[in-house]
Structures are given as structure tokens and as C-alpha cells.
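Enquirer: What follows is a structure written as C-alpha cells; I'll ask about it next.
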Amino acid sequence: MAVKKIEAVIKPFKLEEVKEALTEIGIEGLTVSEVKGFGRQKGHTEIYRGSEYTVDFLPKVKIEIVVVDTLVEKAIATIVKAAKTGKIGDGKIFILPVEDAIRIRTEEKGEKAV
Amino acid sequence: MSNWIKKFVVALAVGAMTCTLLDSPAMAQEAAPVAAEAAEAAEAPAGPSAEMFTVNNTWMMVAAALVFFMNLGFACVETGMTRSKNTVNILFKNSLIPCLGILTYAWCGFNLMYPGFDYDAGANGWFGFAGWGITTNAEGITSAYNAGYTYWTDFLFQAMFAATAVTIVSGAVAERIKLSSFMIFAFIYVAFIYPIAGSWKWGNGWLNNLEVPFYDFAGSTLVHSVGGWGALAGALILGPRLGKYVDGKIKPILGHSMPLATIGVFILWLGWFGFNGGSVLSADPGLVSLTLVMTSIAAAAGGVSAALISWIILKKPDLTMALNGILAGLVGITAGADQMTAMNSTVIGLVAGALVFSSVLLFDKIKIDDPVGAISVHLVCGIWGTLAVGLIGAKAGIPQLISQFTGVLAYGVFCFVSALVIFLVLKVTMGLRVSAEEEIGGLDIGEHGQEAYPDFSPVSKV
């Protein structure tokens with residue numbers, strides 16, 4: 001009956017691959033936002049008209065999906081496989097509990113809404 | 001860093017000297033342009049044919065249109081090199097300055113710049129005024145007025161130059177100057193300072209009547225350094241943008257559109273075909289074609305020079321430096337485009353590119369914040385181009401060099417001091433700078449209550 005939210009911060013060029021992989025395992029919707037961040041992967045240095053500066057925040061993409069409990073493990077594995085490059089900065093996945101989910105058009109709730 | 005700037009300028013000076021030596025009459029492969037001398041000597045007493053007059057005048061009108069187009073070039077360069085939160089403000093200033101320029105030039109500027117000094121009647125060659133407004137008689141639209149253009153063409157071509165001179169200032173004071181104060185400065189500078197200064201040379205004033213007349217073919221001094229001095233005064237009195245110099249470090253403030261900056265520079269280069277080509281003041285095939293070639297050679301050399309130098313010294317080639325380099329070459333050749341060989345022009349461009357690179361870094365080091373490099377391009381290279389006329393080319397020689405120095409000094413004192421005074425008075429009376437809050441939120445909202453890109457949300461690199 002329950003649904004969970006999966007938030008994944010990934011490298012931007014991996015978005016297409018992750019999206020395809022998730023669609024293949026039956027996930028029908030997702031939300032994407034462009035974000036900036038850093039983890040242990042630090043930023044880099046740039047130079048403009050003779051002066052250096054550090055860009056601390058790197059562009060990333062955040063995917064948010066809400067899935068039924070039974071699909072969570074598979075979804076995580078799918079994201080990891082598609083998003084991993086093995087190099088620093090691959091990103092992170094977070095699992096959050098969801099109180100409820102509603103489909104606006106039909107007003108269905110819970111599992112039926114995802 | 002200042003260590004290698006020094007080494008670099010020395011290397012450059014040595015390189016320039018070497019090129020000059022290679023280029024001296026003793027070793028020249030190409031003769032200095034004789035066409036210019038011949039044209040000066042042959043002030044034909046018999047006027048041109050009606051056809052020739054039409055051709056001359058047509059070219060001058062096209063040239064006026066090209067110089068007019070440079071206002072768009074400046075608008076694009078300044079917009080591209082500053083932040084999007086100030087774009088409306090930049091564009092507003094760049095739109096109003098040509099308007100102010102044309103109107104004031106018609107009202108009084110033209111007649112301040114060309115007052116018709118009558119030396120026999122005791123004119124001093126420093127200040128004269130031929131009356132308010134522009135009007136002419138039947139002769140004014142014939143070759144009796146001038147073999148190259150009508151009175152109206154004369155006015156229009158020169159009016160476009162006036163606007164160009166003042167718009168140089170807007171780049172250096174961008175992102176923190178109060179709009180109302182700036183418009184007042186611009187008005188005074190274009191209506192009075194620019195034409196009075198210009199009369200000393202092009203208006204047949206005292207500089208044109210030195211034993212060895214001061215020489216400025218198309219305005220390295222009269223236009224570019226006049227603008228440059230104003231820019232320097234403004235940047236000094238205003239102070240740097242917030243957050244530019246923090247804890248002894250220089251924090252780059254990135255321009256928001258490299259494409260626009262690039263478009264602007266190429267528009268300016270195109271405009272220079274009219275700026276220098278039209279300064280021949282006729283459609284003389286030899287002179288105009290020679291001038292256009294030397295102009296583009298200098299531009300090209302400036303671009304290559306600045307690009308290479310930034311690549312070597314900064315480890316990566318900087319686009320904005322290359323763009324500034326092209327402009328530097330153009331400004332540098334403007335004083336003597338009709339006096340130079342291809343080798344001369346190359347040297348002028350190469351040196352200008354190096355100068356602009358060093359100046360940009362130097363001004364940052366001494367905490368003079370110039371968002372677009374206007375002072376480096378127009379003042380520094382304007383002075384270089386002016387002095388170059390005495391150093392290389394057909395007019396090279398100590399007497400000419402002294403006259404060039406005299407001119408540079410005269411314009412420097414007059415323009416820099418006037419600009420300082422105007423800016424200081426504005427600062428003390430109505431304030432020169434926007435509040436810190438407004439500067440952070442952006443002048444578009446603060447001064448204009450509108451945004452340049454209301455539809456765009458910030459997009460990061462994907």
C-alpha cells in the first residue's frame with residue numbers, strides 16, 4: 001500500500017540513460033530539476049581576464065520519483081547501474097517516506113496515484 | 001604577476017623596436033605611402049566634376065552610417081561583458097547617448113568643433129563658436145562647400161564621431177553609476193568638452209597650427225583618448241563594483257554573454273571601415289583603399305597579439321582578451337591609418353594587443369575597476385596610436401613625435417580634469433553611485449523597474 005520517494009542527484013549527462021532505464025522497469029513518471037552542488041568532488045578553477053576564481057558548485061541533475069515499496073530496491077539498482085561512471089562526483093540517492101500521493105486528474109490516492 | 005608584466009612589456013618594446021628597425025627606410029621592402037602626401041599637396045583649385053562630388057559624398061554618407069552602426073557594437077560589447085541584472089541599464093545608456101550626441105552636435109557641438117578660427121582677425125585657436133544650430137546656404141550642398149561632401153554630410157559624419165567618443169565612458173562606469181548622474185555627465189561631455197577639444201585639431205585650432213602640426217587621422221586622440229580620459233576619471237571617482245576587490249584579491253565578475261560581446265566587436269570592426277575609411281573625407285580610391293587595408297591589418301594583429309599573449313601568460317587563451325586586442329589594434333591604427341605601411345600597421349596592432357593585455361591586468365592590480373576594458377582599449381591604445389605616428393610610418397621623426405606628445409598632453413589635461421570636475425560635482429550634489437542594495441539587486445530593477453530577461457530562469461550547464 002505504501003509508496004516511497006527516491007531522490008537521486010546524478011551527473012547531468014547521465015540523465016537520458018537513467019530515464020531510459022527507469023522507464024524500462026515500469027516507472028511511468030519522474031520530475032527533474034537542474035541543481036548545483038558538491039560532495040567530496042571539489043570544484044575547479046577558472047580564469048577570467050587574468051584573475052583566477054574557484055567554481056565550488058558543480059552542475060548536477062536531481063531526479064525525483066515516487067514508487068510503490070515493492071519497486072524501490074529495483075529502482076535503486078537501476079539508477080545506480082545507469083548513473084555510475086566509477087569516477088568521483090557520480091552522485092547520491094536518498095529514500096524518503098511519503099505520507100500520501102494523489103493523481104490530480106482522477107483524484108486517485110496511494111499506490112494507484114503512481 | 002607584476003614581475004612578468006614588466007618582463008613582458010620590455011620584451012614587447014624590444015620586439016617593437018626590432019620591427020621598427022626592420023621597417024626603417026634603410027631596410028624597407030615597401031615604400032611609405034606617397035599617396036597621402038600627394039593628395040595633401042594637390043588641393044585642386046578646380047573643383048571635382050559633379051559625378052566625382054556625388055561619388056565622394058555618397059561614400060561619406062555610407063561612412064557616416066557605418067560609424068553610426070558602431071553604437072550597436074558598443075551596446076553589444078558592454079552588454080556581453082557585464083551581468084544580466086544590469087543589461088537594461090547598459091542598453092538604455094547606449095541608446096540615449098547617440099540621441100544626445102546628435103542633438104547636441106546639431107545644437108552647438110558642430111559649431112564648437114568647427115568654429116572657423118580666423119587667425120587674421122586674432123582668433124586664439126583654443127575656443128571658438130560659429131553659432132547655434134545647423135543651417136546652410138545654396139553653396140553648402142555643392143562641391144563649393146567641400147570637394148568631398150556637402151555641409152549636411154559633414155555634420156552627420158562628425159556627429160556620429162561625437163556619440164562614439166562619449167559612449168566609451170559608459171562601459172567603464174557600468175554596473176554602479178547612477179543613471180541620472182551619468183546622463184548629465186554625458187550631456188556636458190558630448191555637448192562641450194568633446195567639440196572644444198576637437199576644434200584644436202580638426203577645427204584648425206592651435207594644435208593644427210603648430211610648426212609641425214599634431215596629427216590624428218581619424219581620432220585615436222580626439223575620439224578614443226577623449227573617451228578614455230572620461231572613462232578613467234569616472235572609474236576613479238566611482239570606485240570599483242562591490243565584491244570586485246576583496247581582501248587584497250581580485251574577484252572576477254563574469255560577463256553574461258560572450259556571444260554578444262563577440263558580435264559587438266565585429267560590428268565595431270565593420271564600423272571602423274567607415275570610421276577610418278570616411279576620415280579620408282572623400283572617395284579617393286587610393287587613400288580609402290589603403291586606409292581600409294591598414295585598419296584591418298592592425299585589428300588582426302591586435303587580436304592575434306592579445307590572444308597569443310594571454311595564451312602564453314595565463315596558460316589558456318582568453319576570448320575577452322582577444323576581443324579587446326582586436327579593438328586595441330583598431331584604436332591604435334586610427335591616428336595614422338593613412339601614414340602606415342602594412343608592416344607598420346602590423347607592428348601597431350601587435351603592440352596594441354600587448355598593451356591592452358597588460359593594461360587590463362594592471363588596472364585591476366591598482367584597483368581601478370573597468371568592466372569592459374574601455375580604459376585599456378581606448379585610452380592606453382589611443383595614446384599609443386597617437387605617439388606611433390611620430391615613431392613609425394611616413395611622418396616618423398622627432399619633431400612629429402614632440403607634436404604628438406604635445407597633443408596627448410593637452411587632451412589629457414583638458415579632458416581628464418574636466419571629467420574629474422564634472423564627476424566630482426555630480427558626486428557631491430546628486431550622488432554618483434547607486435546604493436549598495438540597488439547594486440546587488442541590479443540596476444535594471446533599481447533604475448528602470450524592468451528586467452532584460454524576464455522569461456529566462458537561471459540555467460546551469462547541462
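Nothing in this text is a laboratory measurement; each read-out follows from the coordinates by a stated rule. Please read all numbers here as calculations on a predicted model, not as lab measurements. All Cβ positions, glycine included, derive from the backbone under ideal geometry; neighbour counts span all protein chains shown.
Enquirer: With the contact rule set at Cα under 8 Å and sequence spacing of 6 or more, what percent relative contact order holds for region B:321-462?
Expert: Worked out over region B:321-462, it gives 20 percent.
Enquirer: So how do B:K249, B:K178 line up by other beta-carbon neighbours within 10 Å, fewest first?
Expert: Values: B:K249 10, B:K178 22.
Ranked by crowding around the Cβ, least crowded first: B:K249, B:K178.
Enquirer: Rounded, prolate or oblate, given the Cα gyration tensor of region B:207-258, with a/c below 1.5 counting as rounded?
Expert: Prolate.
Enquirer: Just order B:370-380, A:77-87, B:116-126, B:441-451 by mean Cβ neighbour count inside 10 Å, highest at the front, would you?
Expert: My ranking of the peptides, most packed first, is B:370-380, B:441-451, A:77-87, B:116-126.
Enquirer: A further question follows. Determine the alpha carbon to alpha carbon distance for each of A:K81/A:K109; A:K84/A:K109; B:K316/B:K365; B:K244/B:K427; A:K84/B:K316 and list only those over 27 Å.
Expert: On the way: A:K81/A:K109 31 Å; A:K84/A:K109 33 Å; B:K316/B:K365 20 Å; B:K244/B:K427 21 Å; A:K84/B:K316 31 Å.
Going by Cα-Cα distance, A:K81/A:K109; A:K84/A:K109; A:K84/B:K316 fall outside the 27 Å limit.
Enquirer: Rank the residues B:T262, B:T54 as a footprinting-exposure proxy: fewest other Cβ atoms within 10 Å of their Cβ go first.
Expert: Fewest-to-most ranking of B:T262, B:T54: B:T54, B:T262.
Enquirer: Put a dot 7 Å past each Cα toward the Cβ at B:M183 and B:I402; how far apart are the dots in nm?
Expert: The answer from the label model is 4.8 nm.
Enquirer: Amide H neighbours of A:G37 under 5 Å, counting only residues 5+ apart in sequence or on other chains, H built in-plane at 1.01 Å?
Expert: When sequence neighbours closer than 5 places are left aside, the close amide H contacts are A:L58, A:K60.
Enquirer: Related question: Note the full-extension length gain between B:K316 and B:Q450 as 0.36 nm times their separation in residues minus their Cα-Cα distance, in nm to one decimal.
Expert: Working it through step by step, the gained length comes to 44.5 nm.
Enquirer: Let me ask something else. How long is region A:3-113 along each principal axis, judged by its Cα atoms, biggest number first, in Å?
Expert: Computed over the Cα atoms, the extents are 59, 28, 22 Å.
Enquirer: If amide hydrogens are placed 1.01 Å from N in the peptide plane, which non-local residues have theirs closer than 5 Å to the one on A:A101?
Expert: The answer is A:G110.
Enquirer: Expressed in whole Å with the largest first, what are the equivalent ellipsoid semi-axes of region B:292-385 derived from the C-alpha gyration tensor as the square root of 5 times each eigenvalue?
Expert: Whole-Å semi-axes of the equivalent ellipsoid: 22, 14, 9.
Enquirer: Which of A:V32, B:V304 comes first, and how do the rest follow, when ranked by fewest Cβ neighbours within 10 Å?
Expert: A:V32, B:V304
Enquirer: May I pose another question? Gap in Å between the Cα centre of region A:28-87 and the Cα centre of region B:424-459?
Expert: Using only Cα atoms to place each centre, the spacing works out to 35 Å.
Enquirer: For helix A:15-24, what angle does its Cα long axis make with the longest principal axis of chain A, in degrees from 0 to 90 and rounded to 10?
Expert: Around 20 degrees separate the two axes.
Enquirer: Moving to a separate point now. Sorted by mean Cβ packing within 10 Å, highest first, what order do the peptides A:63-69, B:213-219 take?
Expert: Descending mean neighbour count gives B:213-219, A:63-69.
Enquirer: Can you order the peptides B:236-244, B:66-74 by their average number of other Cβ atoms within 10 Å per residue, highest first?
Expert: B:66-74, B:236-244
Enquirer: Sort the protein assembly as shown into rounded, prolate or oblate with this rule: let a ≥ b ≥ c be the square roots of the eigenvalues of the Cα gyration tensor; rounded if a/c is under 1.5, and if a/c is not under 1.5, prolate when a/b is larger than b/c, oblate otherwise.
Expert: Verdict is prolate for the protein assembly as shown.
Enquirer: R0 = 60 Å: FRET efficiency of B:S289 with A:Q41, Cβ-based, nearest 0.05?
Expert: The value I calculate is 0.55.
Enquirer: Also, quick follow-up: Based on the inverse mean of 1/r over its pairs of different Cα atoms, what is the Kirkwood hydrodynamic radius of region B:170-220, in Å?
Expert: In region B:170-220 this quantity evaluates to 12.8 Å.
Enquirer: Separate question: Please state the Cα pair-distance histogram of region B:133-202 with 10 angstrom bins from zero: what percent is in each bin?
Expert: So the P(r) values, bin by bin, are 17, 38, 27, 13, 4.
Enquirer: Through the Karplus equation 6.51 cos²θ - 1.76 cosθ + 1.60, θ set to phi - 60°, convert the phi angles of region B:89-100 into ³J(HN,Hα) values in whole Hz; use x for Gly and Pro.
Expert: Ordered by residue, 3J(HN,Hα) equals 4, 4, 5, 4, 4, 6, 7, 7, 4, x, 5, 4 Hz.
Enquirer: Rounded to the nearest 0.05, what FRET efficiency do B:I440 and A:I88 have when you use their Cβ-Cβ distance and R0 = 30 Å?
Expert: Using R0 = 30 Å, I get an efficiency of 0.30.
Enquirer: Report, please, the projected area of region B:375-462 averaged over directions, based on the convex hull of its C-alpha atoms, in nm².
Expert: Numbers: hull surface 43.1 nm².
The orientation-averaged projected area of the Cα hull of region B:375-462 comes to 10.8 nm².
Enquirer: Which residues' amide hydrogens lie under 5 Å from the amide hydrogen of A:K92, considering only partners 5 or more residues apart or on another chain, with H built in the peptide plane?
Expert: For A:K92, the qualifying residues are A:V9.
Enquirer: Figure the gain on full extension for B:T135 and B:S95 (residue separation times 0.36 nm, minus the Cα-Cα span) and round it to one decimal in nm.
Expert: Going from the current span to full extension adds 11.8 nm.
Enquirer: Which whole number gives the average, over all residues in A:37-49, of C-beta atoms from other chains lying within 10 Å of the residue C-beta?
Expert: That average works out to 3.
Enquirer: Averaged over A:50-57, how many beta carbons belonging to a partner chain fall within 10 Å of each residue's beta carbon?
Expert: Values: counts 17, 12, 5, 6, 0, 0, 0, 1.
Mean number of neighbouring Cβ atoms from other chains: 5.
Enquirer: Sticking with this structure for a sec: Working from Cα positions, state the angle (0 to 90°, nearest 10) between the long axis of helix B:179-188 and the longest principal axis of chain B.
Expert: Roughly 20 degrees, rounded to the nearest 10.
Enquirer: Return the equivalent ellipsoid semi-axes of region B:90-221 as a descending list in whole Å, where each equals the square root of 5 times an eigenvalue of the C-alpha gyration tensor.
Expert: 28, 18, 13
Enquirer: Which percent of Cα-Cα pairs in chain B sits in each 20 Å bin, short to long?
Expert: Per 20 Å bin, starting at zero, the Cα-Cα P(r) for chain B comes out as 25, 58, 16, 0 percent.
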